[in-house]
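The values are calculated or read from the model by the stated rules, or taken from the named source; none is laboratory data. What you see is a predicted model, and the numbers here were worked out from it, not measured in a lab. Every residue, glycine among them, receives a Cβ derived from its backbone with ideal geometry; neighbour counts consider all protein chains shown.
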Amino acid sequence: MRIVQLTPGTGTFFCGSCLRDDALVRQLRARGHEAIMVPLYLPLVTDGEDSTEGTPIQVGGIRLYLQQKFPRLWWFIDFFRPFLDNPARLARAARHMGMTSARDLGEMTRGSLRGESGHQSHAWGELVDFIREEKPDLISLSNGLLCGMVPIIERDLGIPVICSLQGEDAFLDALPEPYRTECWDVLRELAPQVSQFVAASEFYASGMRTRLGLEKGRIAVVPNGMDFSEYPARVELPDPPVIGFLARLIKDKGLDQIVDAFIELHRRGEVPEDTRLHLAGTVMSSDEKFIEVQRMKIEEAGLEDHFEVRRNLSFAEKTEFLGELSVLSVPATYGEAFGLYVIEALAVGVPVVQPEHGGFPEILARTDGGLLVEADSTKALAEGLEALLCDPDRALELGLRGRQETLAYYSAERMAEDFEKICADSLKSVKAFTENPI
């Protein structure tokens, strides 16, 4: 099969969707398929070598924004395409994404979902022209926010579209009204035109089936996988103990909860007094104020010498960070579709303590690599962390078992094999319909 994978880039930092899509494309190629990785909006940031193989960024983010703001000047904006779509310039612009107003985000999202009837219609037309030249058998969309181009693909190319679902609900629900309702309405209208949806967990598939008004068979479940060949096993527990957090350093990921639980642990006095909290992950300029508030809480508790923050790690720095932990916890406050950081921690043998919601129960049921605790409860989170920090043998056992199960099940090979079957079934359905139209 010849597959075009469309994935929005972040420009400057790692994101779970990009890492998953990159691993998927690499393994599809290893299985003999022609998988073409096409970055949208901004440059892709991945763990390994550039999987785009020189494919230029399509629908450059700066142009997309300007076309939304000044739709009648699209021809003038396109004149400066080589300048505006320069990867280095796009990467610089990405550093300020967090400063984009909620209204601008709402307008751009609604416009993108409206496809040809939106202000970015010219950009989507260019993208379809690019895809046509690649002559793919099918298209794979990284997330549902790209569904605005599905009607154009169906009409102009007549090939199946597979759409992964990777956390769209959190983004759309955070938009201000009327954009939130309008975007969900448009997405529901588009959903029947997608050949097949793919969700990373049963939890997310169930939720999105309800929100999109789809029958059960319309969303298949393919848990995320990764190439763990460069994730070395942790050799021993660190001394002093270290609690780790690896995600974007924001409230939605539970940053304040892990800080509060850390302070509570020291107040209770049951864990070693030199227990540390290490935070790592993506930081944008708009995140700094919230991080500073957490640092001040740590300082007021007299724990500043037991605390550190590492920003925007490289892949090597990330695996080194994971290997230094006793336990990892990212107490996300919303129903996380999957949580790639959980299987990354388990892959090096670090047990996890996660809230009992979202996709986390499915991962821990499969791996038995950690504990589930009541969501949104500082007390429950502190008790879960304490249970592992005060029982090193149990922590080692959970970490070892979690690593074994993660490497066996959450591999990129298994993910690509499952995805390949879905693609093949979609192609068969299109062929059958073409040969026997209603």
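Would you please name the residue that is surrounded by the most Cβ atoms within 10 Å (Cβ to Cβ), looking only at residues in region 268-282 that are touching a residue at least 24 places away in the same chain (Cβ under 8 Å) and over 18 Å from Leu322 (Cα atoms)? Filtering first and then ranking leaves Val271. Condition first: in a loop (DSSP other than H, G, I, E, B), modelled with pLDDT of 95 or more and in the same structural domain as Ser377 (by TED's automatic domain parsing). Can you find one or more residues in region 252-268 that meet it? Checked region 252-268: at least one residue is in a loop (DSSP other than H, G, I, E, B), modelled with pLDDT of 95 or more and in the same structural domain as Ser377 (by TED's automatic domain parsing).
Please state which one of Ser112, Ser117 is closer than 22 Å to Arg63 by Cβ, over 26 Å from the mean Cα position of the chain (by Cα) and of a type outside the set (A, V, I, L, M, F, W, C). Even if it seems obvious, please write down each step before you answer.
Values: Ser112 fails: over 26 Å from the mean Cα position of the chain (by Cα).
Within the list Ser112, Ser117, the selection yields Ser117.
Residues are listed down the side, and each one gets a yes or a no for (1) in contact (Cβ under 8 Å) with a residue 24 or more places away in the chain; (2) exposed (fewer than 14 other Cβ atoms within 10 Å of the Cβ); (3) not β-branched (Val, Ile, Thr):
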{"site": "Ala191", "(1), (2), (3)": "yes, no, yes"}
{"site": "Ser195", "(1), (2), (3)": "yes, no, yes"}
{"site": "Arg209", "(1), (2), (3)": "no, no, yes"}
{"site": "Ile219", "(1), (2), (3)": "yes, no, no"}
{"site": "Asn224", "(1), (2), (3)": "yes, no, yes"}
{"site": "Arg234", "(1), (2), (3)": "yes, no, yes"}
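In region 121-161, how many residues are β-branched (Val, Ile, Thr) and part of a loop (DSSP other than H, G, I, E, B)? So the count comes out to 1.
Number of residues in region 29-65 that are among the hydroxyl-bearing types (Ser, Thr, Tyr) and farther than 25 Å from Lys135 by Cα equals 2.
Yes or no: region 216-236 includes at least one residue that is part of a helix (DSSP H, G or I) and of a type in the set (A, V, I, L, M, F, W, C). Steps first, answer last, please.
Keep residues of region 216-236 that are part of a helix (DSSP H, G or I), which gives 216-218.
Checking the rest, the ones that are also of a type in the set (A, V, I, L, M, F, W, C) come to none.
No, region 216-236 contains no residue that is part of a helix (DSSP H, G or I) and of a type in the set (A, V, I, L, M, F, W, C).
Yes/no matrix, rows are residues, columns are (1) touching a strand residue (DSSP E or B) at 6+ places or on another chain (Cβ under 6 Å); (2) assigned to a helix (DSSP H, G or I); (3) buried (at least 21 other Cβ atoms within 10 Å of the Cβ); (4) among the charged types (D, E, K, R):
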| residue | (1), (2), (3), (4) |
| --- | --- |
| Asp22 | no, yes, yes, yes |
| Val25 | yes, yes, yes, no |
| Gly32 | no, no, no, no |
| Met37 | yes, no, yes, no |
| Ser51 | yes, no, yes, no |
| Thr55 | yes, no, no, no |
| Gln67 | no, yes, yes, no |
| Trp75 | no, yes, no, no |
| Arg89 | no, yes, no, yes |
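Take the conditions in the same structural domain as Gln27 (by TED's automatic domain parsing), of a type outside the set (Gly, Ala, Ser) and at pLDDT 95 or above and apply them to Arg276. Does it pass? No: the conditions fail for Arg276. Please indicate, with yes or no, whether at least one residue in region 135-149 is without any contact (Cβ under 8 Å) to a residue 24 or more places away in the chain, surrounded by fewer than 20 Cβ atoms within 10 Å (Cβ to Cβ) and outside the structural domain of Gly349 (by TED's automatic domain parsing). Checking region 135-149: not a single residue is without any contact (Cβ under 8 Å) to a residue 24 or more places away in the chain, surrounded by fewer than 20 Cβ atoms within 10 Å (Cβ to Cβ) and outside the structural domain of Gly349 (by TED's automatic domain parsing). Quick one: would you say Glu236 is more than 30 Å from Phe307 (Cα to Cα) and of a type in the set (D, E, K, R)? No, not satisfied.
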